[in-house]
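Single-structure report; data block below.
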Amino acid sequence: MTSRRLPTPLLDAALIGAALLDVWVHVRTDEPLRMACALAAALALLLRRRLSLLAFLLTLPAVLVSDAIFAALAALYTLASLTRRRVLLVACAMAFTISDMTSWPAPNLGLPDTSTLITMVYSAATAAAPVFLGQLVQARRDLSLRIAEISEAHDHEQLLIAQTVLAKERATLAREMHDVVSHQVSLIAVRAGALQVGTRDAEVKDAAATIRRLSVQTLDELRHMVSVLRDSGSRLTELTPQPSLADLQRLVSSSGIEADLKTDLPDGLTPTVQRAIYRTVQEALTNTRKHAPGATARVLIRHDDGSILVTITNTAPTRPALPLPSAHHGLVGLRQRAALLGGTVTSGPTADGGYELHLELPANSTP
């Protein structure tokens with residue numbers, strides 16, 4: 001629950017209005033000296049926030065010559081809520097008490113009696129009330145600031161704990177990738193190299209060379225990924241050298257399937273859009289190679305009325321697909337990437353037994 005406070009100008013106007021009402025009640029119009037002092041005290045409240053001590057001192061003459069004391073009490077409260085000088089507050093309270101007890105211009109200089117003592121105690125209590133209230137408000141304000149500092153420190157501590165946990169998880173993941181995945185991909189590259197050297201079949205030699213090249217490329221990306229994970233967020237690093245449209249032809253040529261690429265795109269597309277197009281084509285060709293052996297593919301990329309349209313279509317497979325492991329996260333990731341850029345991804349089988357993947361993105365998309 002948040003506290004609702006009056007705006008500062010409205011609060012100042014209300015205090016000055018109350019002080020003027022106090023003047024109207026306690027000071028007659030035929031007493032020019034008292035009226036001038038009382039009005040000056042009321043207007044002195046305009047200075048209470050910036051020059052609180054001066055504002056209080058300007059209200060004392062009104063207390064000395066009249067019963068209009070509201071302005072002095074308001075100024076004393078403001079001074080107590082802003083200053084940390086306790087001796088000054090005691091002196092100001094004593095000054096108010098003495099001024100309130102003095103009947104100027106005819107002060108009573110006789111010996112103190114019971115009524116005088118009672119009046120002094122009453123005046124001192126009247127002066128102490130705004131002092132204590134102002135100090136209470138100051139303590140509450142300090143406590144609120146302290147609580148805010150503690151809360152901020154707690155949030156920072158939680159952030160550090162979360163970053164530490166994340167760093168440990170990233171280090172564990174980097175270790176697993178280095179010890180397991182990199183080792184297995186290295187074996188694939190070595191076996192492919194041995195097959196490339198040991199066979200005389202040109203087709204097998206070409207396939208082995210492709211496998212070896214892709215394995216080496218994957219190893220390079222894995223090593224870079226491991227180094228990024230081990231950094232644990234200590235510095236800003238790209239996960240891999242990010243692909244662009246200039247890499248599309250090489251991607252299609254090295255996909256391991258017969259594919260045709262046609263592009264009609266303007267210059268100046270953002271790196272984010274180029275990366276989304278590349279990853280979409282990469283995922284579609286990978287799925288074709290895995291799930292539609294022997295199929296051919298066609299990649300059509302064009303620009304139409306401010307939108308980028310990417311369509312990858314493959315024919316029906318000519319032989320059964322091998323049972324390869326898959327988490328089925330590829331298309332989900334493509335849809336999420338497209339949604340972040342304001343686009344859509346649709347996919348589904350074609351009438352001839354093939355499959356089609358369609359991406360539509362705004363040409364000026366930014367992450």
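The values are calculated or read from the model by the stated rules, or taken from the named source; none is laboratory data. These numbers come from a predicted model, not from an experiment. Backbone-built Cβ (ideal geometry, glycine too); neighbour counts: all protein chains shown.
Looking only at the stretch 265-295, which residues are among the small types (Gly, Ala, Ser) and assigned to a loop (DSSP other than H, G, I, E, B)?
Selection gives GLY268, ALA292, GLY294, ALA295.
Can you find a residue that is more than 29 Å from GLU203 (Cβ to Cβ) and of a type in the set (Val, Ile, Thr) anywhere in the stretch 310-324?
yes
I need a count of the residues in the stretch 331-346 that are in a strand (DSSP E or B) and crowded, with 16+ Cβ neighbours inside 10 Å.
Total meeting the criteria: 1.
Tell me, yes or no, whether the stretch 239-255 has at least one residue that is touching a residue at least 40 places away in the same chain (Cβ under 8 Å) and exposed (fewer than 14 other Cβ atoms within 10 Å of the Cβ).
Looking for residues that are touching a residue at least 40 places away in the same chain (Cβ under 8 Å) and exposed (fewer than 14 other Cβ atoms within 10 Å of the Cβ), one finds at least one in the stretch 239-255, hence yes.
Only residues that are within 18 Å of LEU73 (Cα to Cα), in a loop (DSSP other than H, G, I, E, B) and either at pLDDT 80 or above or not assigned by TED's automatic domain parsing to the domain that holds ALA80 (or both): list them for the stretch 3-57, please.
Result: ARG48, ARG49, ARG50, LEU51.
Scan the stretch 300-315 residue by residue and report those that are loosely packed, with under 14 Cβ neighbours inside 10 Å and in a loop (DSSP other than H, G, I, E, B).
ASP305, GLY306
Yes or no: ALA139 at pLDDT 85 or above, on the phi < 0 side of the Ramachandran plot and either among the hydrophobic types (A, V, I, L, M, F, W, C) or not in a helix (DSSP H, G or I) (or both)?
Here the answer is yes, as ALA139 does meet what is asked.
How do the helices (runs of 4 or more DSSP H) wholly within the stretch 175-259 filter down when requiring 1 or more residues that are more than 20 Å from ILE277 (Cβ to Cβ) and at pLDDT 80 or above: which remain?
Qualifying helices (runs of 4 or more DSSP H): 182-198, 202-231.
How about the stretch 74-86: which of its residues are surrounded by fewer than 21 Cβ atoms within 10 Å (Cβ to Cβ) and either closer than 16 Å to ASP100 by Cα or of a type in the set (D, E, K, R) (or both)?
ARG84, ARG85, ARG86
Of everything in the stretch 263-299 that's under 20 Å from PRO317 (Cα atoms) and in contact with a Ser or Thr (Cβ under 6 Å, 6 or more places away or on another chain), which residue is surrounded by the fewest Cβ atoms within 10 Å (Cβ to Cβ)?
GLY294
Scan ALA62, ALA68 and give me the residue that is over 51 Å from the mean Cα position of the chain (by Cα), under 23 Å from PHE132 (Cβ atoms), in the same structural domain as LEU89 (by TED's automatic domain parsing) and outside any helix (DSSP H, G or I).
One residue alone meets the criteria, ALA68.
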